[in-house]
Structure formats: structure tokens, C-alpha cells
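Engineer: Before we start, here is the structure in question, set down as C-alpha cells.
The values are calculated or read from the model by the stated rules, or taken from the named source; none is laboratory data. Given the structure is predicted, the values throughout are model-derived calculations rather than measurements. Using ideal geometry, Cβ is built from the backbone for each residue, glycine included, and neighbour counts are taken over all protein chains shown.
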């Protein structure tokens, strides 16, 4: 029985991403599955995340790449290598990259959550960040 609940919960959390892309966060079957998993004392996502380092390595690599790129862009601006008419575009791209880093961090946090309800909330935060970039809301 516990294995069945674990399997249902493992399926439910990734499905939060699909549900989140279609509608605003609201109580759903994903929330219900998370509540059931937590109530049944199914081991939280962090239990499984502790057995891997790939997700952490990917998040660190992404954050490092964005940080280095931002530092190089700032150096290029100080050296007058960026045309004045491109500064606004560069600033927009920088804000989008920082939003992407926050989204990666939220996704990482979801996988390391201490409960399935927290994982669903953090997954939605990651999705909302990506949606904001896609919609052009990050300027």
C-alpha cells in the first residue's frame, strides 16, 4: 500500500508542471495527491534527492554560467564595447537570466522539499518564473 502511495505521489509532483502551464495555481488533483502522500507518511522528495547530486550540479552550473555572463557583460559595458542603443536590451536579457536562475533554484528546492505540498508550491514557483520570461513580463 505504501509503495502504491509513493508511486502516486511521484507521478503527481511532476504533473504539477503540466497543470501549472495551463492555468493559474489552484487546488487540484495534484494538491490532493500531495496531501495524501504527506498524510500517509510517504518519504518526502528530499529523501530521494539526497541520493543524487546531478540536480544540484546542474543548478550550480546554471547559476555560475549566468553570473559569469553578467560579469563579462558588465566588463564589456565599462570598456565601451556595447553600443549605447543596445544597453536596454542587455539589461532586459540580464533580468531574464536572473529570473531563469530563480526558476532553476525553485525547481531544485521542489526536488529537495520536506513535503509533497511544499514540492508542489515550489514547482509552481518555478513554472511561474518561466512563464513570466516566455510572456515577456520580465523587462
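Engineer: I need every pair where a residue in segment 101-129 that is surrounded by 18 or more Cβ atoms within 10 Å (Cβ to Cβ) has its Cβ under 8 Å from the Cβ of a residue that is outside any helix (DSSP H, G or I) and at pLDDT 85 or above, sequence separation at least 6 or different chains.
Structural biologist: That search, which allows pairs on different chains as well, returns 119/113; 122/113.
Engineer: Only one of these is farther than 24 Å from residue 121 by Cβ and touching a helix residue (DSSP H, G or I) at 6+ places or on another chain (Cβ under 6 Å): 82, 104, 77, 68. Name it.
Structural biologist: 82
Engineer: Output the residues belonging to segment 41-52 that are surrounded by 15 or more Cβ atoms within 10 Å (Cβ to Cβ) and either assigned to a helix (DSSP H, G or I) or modelled with pLDDT under 80 (or both).
Structural biologist: 42, 45, 46, 49
Engineer: Let me ask something additional. Determine whether residue 70 is surrounded by 15 or more Cβ atoms within 10 Å (Cβ to Cβ), under 29 Å from residue 93 (Cα atoms) and either in contact with a strand residue (DSSP E or B) (Cβ under 6 Å, 6 or more places away or on another chain) or at pLDDT 85 or above (or both).
Structural biologist: yes
Engineer: I'm trying to understand the selection: among the residues of segment 130-139, which are assigned to a helix (DSSP H, G or I) and either touching a residue at least 24 places away in the same chain (Cβ under 8 Å) or within 22 Å of residue 32 (Cβ to Cβ) (or both)?
Structural biologist: Selection gives 130, 131, 132, 133.
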